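Novice: Mind looking over this structure? Questions follow.
The values are calculated or read from the model by the stated rules, or taken from the named source; none is laboratory data. Quantities reported herein were computed from a predicted structural model and do not represent experimental measurements. Every residue, glycine as well, gets a Cβ built from its backbone with ideal geometry; the counts of neighbours run over all protein chains shown. Areas reflect the complete protein model, heavy atoms only, side chains present, ligands, DNA and RNA absent. Shrake-Rupley method; radii C 1.70, N 1.55, O 1.52, S 1.80 Å.
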Amino acid sequence: GILWRGDFSIYSSLEMWVNCPVSPAPLVLHLHRWTSNNVGSDTVSVSLASFAIPVQTSSNIGVSWTHVSIPMSAFYTPAWTPLRGVETFYFNSDSQNRRCNIDNMYLIKLPQNTFSTSIAPTYIPTVAPSIKNTVVPTNSPSTIPSSSPSTFSPSRQEAIATGTILTSTPQVQPLFDGELGSFNRSYTEFASIVPKTGVLGSFGLQLNADPWHSPSMVLSAPLWRATISRYNELILYARCSLETSLTMHFGRWTSNGVGGTSGNVFLGSYADPLDNPPKTTIGNVWTKVRIPISAFATSDWNLDGAERTYFYPTPLTTCWIDNMWMWTDKVPSASPTKTPNWTPTVAPSTSAPSRLPLPWLSTTLVEVLGVQPLYDGEPGSYNLSFIEYARNVPGTGLQGSVGLELHPDYWHSPALNLAPPAWRCDVSHYNELLIYAKCSAETVLTMHFAHWTSDGVGSDSATVNLGSYADPLDSPPKNTIGTAWTQVRIPIPAFYTPYWKVAGAERIYFYSSPLTVCWVDNIYLRENAGPYVLNATMSTQSVLTVETNKYFELGTARTLDNYLLSDVTTGESIRPKSIGLIFRFEKFKQSSTLPQSRYYVNLILPANIDCSHSYILSMANVTDPALNTMTPASVPITCSEEMGQKAIKVNQVGYLPERKKIAYVGDYLGDNEGGVWAVGANGAVWYWNRINAVFKKLTNIPTTRNLRGVVANSPSDVWAVGDGGVIIHYNGVSWAAVGSPTTKNLVAVDFNPS
C-alpha cells in the first residue's frame, strides 16, 4: 500500500514484538529496495536483541515476547540516507533455522516540528518513470474524439445509477467501486480507498502520485488477465483538487517488456459530455469519462491479459476516481464455448444411505478426525480465502450464517481456492463430499476440482451434477438444485478421471445452467467408514476388551447404554458399570512416520462372568468423530482361563540395557486425544499431541531424578516412576509427587483395566 517504496525518513523508530518460541535465537533485520546497480539497495543489518526493551545483555531473542524499538538511524548507510523507496523487510537468524514470530510492527512518526529541508525528498530513482515522457495526444480519432459525442458514445442503457454499488451483467463488468463488499477493494499502490471521497459521498480511490511513482490498482477477479478487448468502452468518474492532465493506462508483466504497457490516455479528452471548447484536463468537480477501449490498444497489445491500471496527474495533485466499469454490446450465445459435461461419472445411489444426522447444519465447521472442512464462511473459520466470481455474504448461508454466493457468467465459472490444510490435500483419502446448496431459480448446478499441471493433462476432475446426489434423493429423481437448501452427498470416485484421482486439489469450480445466482455453505470431506471390531475378548473375568481398527468418538464410546452383554446360556443381560478407553501404538507404517495403532474399549462389568457360558456383545450408536457407526453391531465374546492383559505394554528397558537411555516411551495415546508421553533423565517429561503433532518438553516437574517408566490411564491420570522410588502423578493440570513405599529404582509402571 502507501508504505511500499515509501519515505521512511519521516519516521523516528520501528516498533515490534518478537519471540523465538522453540529456543533463543539471534535475529537480525535489514531493509531493501531495488536499484539497477545494487548501490544503496540494502541497509545495515540490525540485531533486534540490541534494541530490546528493557535492555538485555543477551544477543538472542528469547522464548517470551520482547518489545523491540529500533531508531531508523540504525539502518542508515552512506549509500542510502535518508531511507526512501523501501520495498522489503528481511529477517534472518543463524544456521539452525529457528522459528521466530513477530507481531504488532509499526513505525513511529517524527514530531511535525522536526521536519526540515535537510530531509526534503532528494531520492532519484535509478530508472526514471516512463510516465514523465507522456506525449499529449493528437487529434486522431484513436486518442481524442471529435467534438460530436456520438462518435464515441454508442447508444445503450445506463449501466448504473451514480453513486450506487456496481453489479455485473453479461454486458457490464465493474473494475472499481470501493463500497464494502463490492468490486475491487484489492491491492493498490500509491493510492488508498477513502470514505466520503467518492461519488455522492461514497468510497473513492484517492490517487497519491509523486515525481517517481504512478498510483496503480491491481485488477481483481474476474477482470485480472481477462479479455478486455471484447468490451466497447471504459467509463469512470474522476475529479482532482486542481485542474490537471490526468492520464491512465493498463499494464501487465511480460518477460521482455514488449506489450507490457497500453496506450496512455488523457481522461479529460473523453469527458462526457465533451467540454466546449474541448480540454484535456480534469477539474475539481466530478466528471464522467467514457473512453473507447481501442484508445488503449497498441501495435503490440490489444489489452487482453491486463493486470492493473496506472494513473498520473500533471501537474502533481491529489485526484479521486470512482465507479469505473466497462461495457460491451457483444452478447454471447446462451451456450458456453465449452459445454460442461453434466453427466456424473458415477451414477448416484437410488436411496440415501442410512446414517445419523450430521451436526454441522448451521454451526462453524470443526476439523476432527475423519472430517476435513473445505468451506464454512463464518469469520475465523474455514476458507474465507481467495474466491473468483463469488463472494462471502452474511445472511445468505445456512440459517442466516455467511454463505458463498456464486455469480457465474457466460465466460467464467465461480471458483473457491482451498485453504490449508485442505489445499493440495489428497481428496481420494475421503469417501464423500458433503455440501449444502440452493439457487435463486431451479437450475443444474455442477462442480469439479482442479489443480495446476504443466501440460494440462489431469488438471480437472470430472464434472459432477449436484442435483443428482441430493440427500435424500428427490422422488422422482431430478438433476437440479432449487430455491430451498439441499444437502448433497457426492461419492469421491464421482470426481475421478482416467488421469486424476483428485490428489493435490487446489480449487473448486461451480457452474449453473441456466445461469442464475446460487449459494453454497458447509462444504466438507468425510470418511464414511466407521470403526471395525477386530477382536472382543475377556482380559479378566470382569473386564471385556473390544479392539477396533480406528479411533472412536469419546462421548459415544463412554456411554454405558451403548453396550449390552448377553449370556446366551442363561438369557441374562449385563450392562457395564464403567468404561476405560485405550489408544495403543503398534508400530510405524512401512516407509512412513505415521503410527499404526490399535484402539481399545475396556468394559468393566459389575461382576465376574462364567467362562463356561457363551456371550454376545451388542453395540449401538458407538461412532467415530465423523459419526460413522462402529460395526459389526454384535460380536461373540471369547472367554478362557488363559486371559492376557490387553492394556498397556511399555518398553521401559529397551533392547540394549547397557546403552545410555535418553527417554523411555510408553505406547499409550490415551483417550484418542491423549497423546504420547515420554520420560527420561533428570526428571524430563515430554508430551506429543496428535492434533499439534509436535513433542513438547513440560516444565514444573516435581523431581530431578531419572524417570524410567510412564503410563497414562486417561488424559487426566498419568503416572511416572524412576530412580530412588520416585513416583509422580499428573491430574490433567499439573504434576505432583506421590508418596512411595520404596527407595529402590523403579523401572516400570502399568495399570489394570479393572
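Novice: With respect to Asn232, is the statement that it is at pLDDT below 90 and more than 37 Å from the chain's Cα centre (by Cα) true?
Specialist: Yes.
Novice: In addition: Output the number of residues of the range 191-201 satisfying the condition of being closer than 16 Å to Gly6 by Cα and either open to solvent by 20 Å² or more (accessible area, probe 1.4 Å) or among the polar types (S, T, N, Q) (or both). Quick ask: steps written out before the conclusion?
Specialist: Here is the first cut: in the range 191-201, the ones closer than 16 Å to Gly6 by Cα are 191-192.
Subset that is either open to solvent by 20 Å² or more (accessible area, probe 1.4 Å) or among the polar types (S, T, N, Q) (or both): 192.
Residues in the range 191-201 being closer than 16 Å to Gly6 by Cα and either open to solvent by 20 Å² or more (accessible area, probe 1.4 Å) or among the polar types (S, T, N, Q) (or both): 1 in total.
Novice: Go through the range 95-105 residue by residue and tally those that are exposed (fewer than 10 other Cβ atoms within 10 Å of the Cβ) and modelled with pLDDT of 75 or more.
Specialist: Residues flagged as exposed (fewer than 10 other Cβ atoms within 10 Å of the Cβ) and modelled with pLDDT of 75 or more within the range 95-105 amount to 1.
Novice: Something else: Consider the range 297-324. How many of its residues are charged (D, E, K, R) and open to solvent by 50 Å² or more (accessible area, probe 1.4 Å)?
Specialist: Of the residues in that region, 1 qualify.
Novice: Okay, next question. Which of the residues spanning the range 667-682 are modelled with pLDDT of 65 or more and either over 16 Å from Val749 (Cα atoms) or touching a His at 6+ places or on another chain (Cβ under 6 Å) (or both)?
Specialist: Ala681, Asn682
Novice: I'm trying to understand the selection: among the residues of the range 390-449, which are touching a Cys at 6+ places or on another chain (Cβ under 7 Å) and more than 13 Å from Cys518 (Cβ to Cβ)?
Specialist: none
Novice: Which numbered condition trips up Leu560, out of (1) over 26 Å from the mean Cα position of the chain (by Cα); (2) open to solvent by less than 20 Å² (accessible area, probe 1.4 Å)?
Specialist: The failed condition is (2).
Novice: For the structure I just gave you, tell me whether Phe583 is open to solvent by less than 20 Å² (accessible area, probe 1.4 Å), among the hydrophobic types (A, V, I, L, M, F, W, C) and modelled with pLDDT under 85.
Specialist: yes
Novice: When you scan the range 516-538, do you find a residue that is open to solvent by 30 Å² or more (accessible area, probe 1.4 Å), touching a residue at least 40 places away in the same chain (Cβ under 8 Å) and touching a Phe, Trp or Tyr at 6+ places or on another chain (Cβ under 8 Å), even just one?
Specialist: For the range 516-538, residues open to solvent by 30 Å² or more (accessible area, probe 1.4 Å), touching a residue at least 40 places away in the same chain (Cβ under 8 Å) and touching a Phe, Trp or Tyr at 6+ places or on another chain (Cβ under 8 Å): absent.
Novice: Could you grab me the full set of residues in the range 203-223 that are in contact with a strand residue (DSSP E or B) (Cβ under 7 Å, 6 or more places away or on another chain), open to solvent by 10 Å² or more (accessible area, probe 1.4 Å) and at pLDDT below 80?
Specialist: Ala221, Pro222
Novice: Is one or more of the residues making up the range 439-447 modelled with pLDDT of 90 or more, of a type in the set (S, T, N, Q) and out of contact with any Leu (no Cβ under 9 Å at 6 or more places or on another chain)?
Specialist: Here is the first cut: in the range 439-447, the ones modelled with pLDDT of 90 or more are 439-447.
With of a type in the set (S, T, N, Q) added as a condition, the list becomes 440, 443, 446.
After this cut, where a residue has to be out of contact with any Leu (no Cβ under 9 Å at 6 or more places or on another chain) as well, the list is 440.
Yes.
Novice: Can you tell me which residue is farthest from Asp177 (Cα to Cα) among those in the range 219-251 that are in a loop (DSSP other than H, G, I, E, B) and either free of Cβ contacts under 8 Å to residues at least 40 places away in the same chain or of a type in the set (A, V, I, L, M) (or both)? Reasoning before the result, please.
Specialist: Of all residues in the range 219-251, those in a loop (DSSP other than H, G, I, E, B) come to 219-227, 231-232, 241-243.
Narrowing further to those that are either free of Cβ contacts under 8 Å to residues at least 40 places away in the same chain or of a type in the set (A, V, I, L, M) (or both): 219-221, 223, 226, 242.
Numbers: Leu219: 12, Ser220: 11, Ala221: 14, Leu223: 13, Ala226: 18, Leu242: 23 Å.
Applying the filter and picking the extreme gives Leu242.
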